[in-house]
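The values are calculated or read from the model by the stated rules, or taken from the named source; none is laboratory data. Remember, predicted model here, so these are calculated numbers, not experimental data. Cβ sites come from the backbone with ideal geometry, for glycine too, and all protein chains shown count toward neighbours. Each accessible area value is taken on the protein alone, full model and side chains, heavy atoms only, with ligands, DNA and RNA left out. Shrake-Rupley method; radii C 1.70, N 1.55, O 1.52, S 1.80 Å.
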Amino acid sequence: MTVPVHDQSPSATDRAPRTMRAARLHQVGDPMVIEEIERPTATGTDVIVEVRACGMVPNLANVLANWETWYPHEPLPPRPAIFGLDPVGVVAEVGEQVIGIKPGDRVYVNPSRSCGACHACTSGRPQSCDYWTFAGYFGFNQKSLEMFERYPHGGFCEFMKAPQASIVKISDNLDFRQATRLGYLGTAYGAVKKLGPLAGKTLIVNGASGTLGVGITMLALALGISRILAVARGIPLLERLKALAPNRIETFSNLSGSTAEWVASRTDGLGADFMIDALGAVASLDDFKDAMLGVRRGGKIVNVGGTAGELGLDVKWLMDESREIVGSAWFTSAESMELVDMIRHGVIDMSILTPKAWPFEQINEAINGVTSGEGGFTSYLVEI
């Protein structure tokens with residue numbers, strides 16, 4: 001039997017540029033610098049992607065300036081570092097052992113990196129791998145430094161190397177600008193899936209007007225939730241959120257009182273079946289706890305936001321009321337594929353999101369300009 005191989009002729013490889021532009025951070029507190037560096041090449045099961053655009057995390061400026069002080073146990077990539085969490089582009093080159101991916105494929109690159117061989121990885125749970133790392137962002141323990149060495153590229157460069165397991169083909173009806181939102185949508189999707197069946201259920205979305213909150217709302221509606229109780233601060237964005245499904249979404253500004261009391265008033269005193277917290281890194285834990293107390297007996301609470309700190313909680317309350325609290329970090333490449341398929345077939349309408357793009361040369365302006373949009377309805381990116 002003849003086994004097909006990918007065309008990686010020396011002549012084609014030799015014609016490829018040997019250098020590329022990359023935006024690199026040399027020192028915390030300094031701006032990124034666009035430099036010419038060596039272009040990566042593909043071997044084994046690795047893939048080289050020509051990056052066309054990369055999502056801009058609204059929290060990136062905080063990460064670059066404060067992460068090593070806030071969370072010293074979660075390392076940033078060694079400097080000079082190439083950040084960039086949600087790259088999309090076209091496959092430029094594949095290693096000799098890559099299967100099912102070819103040059104020219106339009107793809108999203110899931111930044112999740114793990115060892116690929118442990119029990120967690122082979123069970124489809126890479127987030128539980130001891131080596132789990134966000135390429136182009138940060139790691140979760142010192143073992144992440146080994147992953148940064150193997151895969152040093154985030155998306156703020158012209159070409160990046162990634163393992164084939166992180167490559168997700170995207171449909172033709174998903175343009176690159178919209179595709180840079182797949183990271184946040186995938187994170188929302190991973191959280192919503194942890195709730196289980198949604199039909200006939202009520203969900204509190206805490207922090208509903210932010211980037212994660214809007215995605216959670218879109219996905220919960222698409223997957224059949226009966227009712228969403230959307231909680232945030234700003235009324236104009238809440239009104240825009242309600243317009244997505246006026247008969248299924250109710251909104252509340254927590255500046256006007258207690259979320260738990262409002263939820264009780266909307267559920268005959270029983271509470272909601274579920275709550276997902278999507279608050280950001282500097283949000284109040286009091287707001288988290290207040291919303292959590294709006295969950296009914298036997299309900300489930302999923303934390304997918306970035307709020308940090310110790311939460312005073314009566315664990316007997318959890319036991320007596322049979323409630324669950326679950327952490328949800330990122331999503332798998334398989335979940336990315338599911339999400340792309342929902343977009344392909346119109347289950348998810350990406351047109352409600354407005355891309356705000358900067359050219360690559362304005363990378364530093366982009367990092368500092370991500371608060372200039374309309375909450376979670378704006379997707380921020382740079383185009384390479």
For M342, state whether it is among the aliphatic types (A, V, I, L, M) and open to solvent by 20 Å² or more (accessible area, probe 1.4 Å).
yes
Mind counting the residues in region 339-351 that are in a helix (DSSP H, G or I) and either over 29 Å from M292 (Cα atoms) or in the same structural domain as S123 (by the TED database) (or both)?
7
State whether one or more residues within region 200-221 are without any contact (Cβ under 8 Å) to a residue 40 or more places away in the chain, within 25 Å of E338 (Cα to Cα), surrounded by fewer than 24 Cβ atoms within 10 Å (Cβ to Cβ) and more than 22 Å from the chain's Cα centre (by Cα).
yes
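Matching residues to (1) of a type in the set (G, A, S); (2) in contact with a Gly (Cβ under 8 Å, 6 or more places away or on another chain); (3) not assigned by the TED database to the domain that holds L212:
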site: K289; (1), (2), (3): no, yes, no
site: G299; (1), (2), (3): yes, yes, no
site: T307; (1), (2), (3): no, yes, no
site: E321; (1), (2), (3): no, yes, no
site: A357; (1), (2), (3): yes, no, yes
site: F377; (1), (2), (3): no, no, yes
Of all residues making up region 89-122, the number that are open to solvent by 60 Å² or more (accessible area, probe 1.4 Å) and of a type in the set (S, T, N, Q)
2
Can you tell me which residues in region 195-215 are within 13 Å of A245 (Cβ to Cβ) and of a type outside the set (G, A, S)?
L203, V205, V214
Restrict the check to region 238-259 and report whether at least one residue is in a strand (DSSP E or B), buried (at least 21 other Cβ atoms within 10 Å of the Cβ), in contact with a Gly (Cβ under 9 Å, 6 or more places away or on another chain) and among the aliphatic types (A, V, I, L, M).
no
Determine which member of the set A334, A357 is under 28 Å from C157 (Cβ atoms), in contact with a strand residue (DSSP E or B) (Cβ under 7 Å, 6 or more places away or on another chain), aliphatic (A, V, I, L, M) and surrounded by fewer than 20 Cβ atoms within 10 Å (Cβ to Cβ).
A357
Which one of L270, L229 is surrounded by fewer than 21 Cβ atoms within 10 Å (Cβ to Cβ) and either touching a helix residue (DSSP H, G or I) at 6+ places or on another chain (Cβ under 7 Å) or in contact (Cβ under 8 Å) with a residue 24 or more places away in the chain (or both)?
L270
Of the conditions (1) touching a Cys at 6+ places or on another chain (Cβ under 7 Å); (2) in contact (Cβ under 8 Å) with a residue 60 or more places away in the chain, the single one that V94 does not satisfy is (1)
Going through region 154-187 one residue at a time, which ones are among the polar types (S, T, N, Q) and open to solvent by less than 20 Å² (accessible area, probe 1.4 Å)?
S166, S171, T180, T187
Can A264 be described as closer than 28 Å to A199 by Cβ, surrounded by 16 or more Cβ atoms within 10 Å (Cβ to Cβ) and in the same structural domain as R233 (by the TED database)?
yes
Among G196, G257, G213, G234, the single one that is closer than 19 Å to E324 by Cα, of a type outside the set (V, I, T) and not assigned by the TED database to the domain that holds T371 is G196
Across region 14-44, what is the number of residues that are outside any strand (DSSP E or B), in contact (Cβ under 8 Å) with a residue 60 or more places away in the chain and either under 30 Å from L212 (Cα atoms) or open to solvent by less than 10 Å² (accessible area, probe 1.4 Å) (or both)?
2
If I ask for residues that are within 25 Å of T122 (Cα to Cα), in contact with a strand residue (DSSP E or B) (Cβ under 6 Å, 6 or more places away or on another chain) and assigned to a loop (DSSP other than H, G, I, E, B), which ones from region 305-329 would you list?
S328
Subset tally (residues that are touching a residue at least 40 places away in the same chain (Cβ under 8 Å) and either surrounded by 23 or more Cβ atoms within 10 Å (Cβ to Cβ) or in a helix (DSSP H, G or I) (or both)) for region 276-291:
7
